[in-house]
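Shown next, in structure tokens, is the structure this report addresses.
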Amino acid sequence: MTTHLHPPDPRDRPARLAVGVVGAGRVGPALAASLQLAGHRPVAVSGVSDASRRRAAELLPDVPLVTPAEVLARSELVLLTVPDDVLPGLVQGLAETGAVRPGQLLAHTSGRYGVGVLEPALRAGALPLALHPAMTFTGTAVDVQRLAGCSFGVTAPEELRLAAEALVVEMGGEPEWIEEQNRPLYHAALALGSNHLITLVAQSMELLAAAGVGAPDRMLGPLLGAALDNALRSGDAALTGPVSRGDAGTVAAHIEQLRRNAPQTLPGYLAMARATADRALAAGLLKPELAEELLGVLGEDTTDRTDGPRGTGGATGDDGEDDR
């Protein structure tokens, strides 16, 4: 007789949790959907805007939209996926209104905060976790796939460390332990590498379009992919271009063109070029005899010559939810 073996259904695993999401921005529904694939049960989600409701409907179909207090009432694991500046007040309000239950797992996804921000909930008996996915989110199903192999910055009390790491692994991620006091530095590093990269790429595409390039994205794709790969492999040794070579004349021409055609990009160009020169010099890539002239070009005061428009700061989204 032939016996057919079937893989176990994730829903048959022990200790499956009822999962709730407070804040249906781009992050929360994706994390809950990934936990659902591991056999957990999304049971409730809160959302404010039409966009958040659409995200919840797409990634968590048939999961009811309710108030934050009702999310906590139905859930054993609550994902607090709201912007950093909203998180402390949310936690305080939930604790003060008695929404937090003893023994309830409360996990936020802020990169800035560790578990200290959950202290009001901890006093109410909650079990605090900080699980920050080092990923940019689109608010679509592709985010669930991208979580495979994604690093999570994990902070939790020692007695909850294994539980926190297990949840990350179930979402397909790789836990990386971050000490409480190091969370702001950790988050600054990610913002520098990810958020600022988007600004640089967007500016580069705009300049290429202004120069007459028909498909800036197609031109930049291979170049940026190679640059990123080289940087991750080799660090400063991957530096190339006029700054690392000490081509002061070329850099001066760049500055003049940006001042004339895109003055809003000049402060960023100067700041990054100075940082690049410093790193190239320290790494021995930029010859000291060439550095003086280059730094002189970069050190010129351009404050009164850059009256172009300025960009606005990054927003958190339209609905008070984590919209990374």
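The values are calculated or read from the model by the stated rules, or taken from the named source; none is laboratory data. These numbers were taken from a predicted model, which means no experiment stands behind them. Glycine gets a Cβ as well: all are built from the backbone with ideal geometry, and neighbour counts include every protein chain shown.
Confirm whether R55 is buried (at least 20 other Cβ atoms within 10 Å of the Cβ) and of a type in the set (D, E, K, R). Here the answer is yes, as R55 does meet what is asked.
Residues that are in a helix (DSSP H, G or I) and closer than 21 Å to G284 by Cα within the stretch 236-269 comprise D236, A237, A238, P242, V243, S244, R245, A248, G249, T250, V251, listed in sequence order.
Considering only residues that are free of Cβ contacts under 8 Å to residues at least 60 places away in the same chain, small (G, A, S) and surrounded by fewer than 20 Cβ atoms within 10 Å (Cβ to Cβ), which ones fall in the stretch 265-283? Hits for the stretch 265-283 are A271, A275, A282, A283. Among residues of the stretch 63-85 that are in the same structural domain as L167 (by TED's automatic domain parsing) and surrounded by fewer than 22 Cβ atoms within 10 Å (Cβ to Cβ), those with a beta-carbon under 6 Å from a residue that is modelled with pLDDT of 95 or more and among the basic types (K, R) at least six positions away or on a different chain give the pairs D84/R112. Being under 13 Å from the mean Cα position of the chain (by Cα) and either among the hydrophobic types (A, V, I, L, M, F, W, C) or over 30 Å from L129 (Cα atoms) (or both) is the filter here, so list the residues in the stretch 180-209 that pass it. Listed by number, the residues that qualify are A188, A189, L190, A191, L192, L197, I198. T97 meets all of the listed conditions (1) surrounded by fewer than 20 Cβ atoms within 10 Å (Cβ to Cβ); (2) under 19 Å from the mean Cα position of the chain (by Cα) but one, namely (2). Among residues of the stretch 240-264 that are within 23 Å of E289 (Cα to Cα), those with a beta-carbon under 6 Å from a residue that is in a helix (DSSP H, G or I) and of a type in the set (D, E) at least six positions away or on a different chain give the pairs A248/E293.
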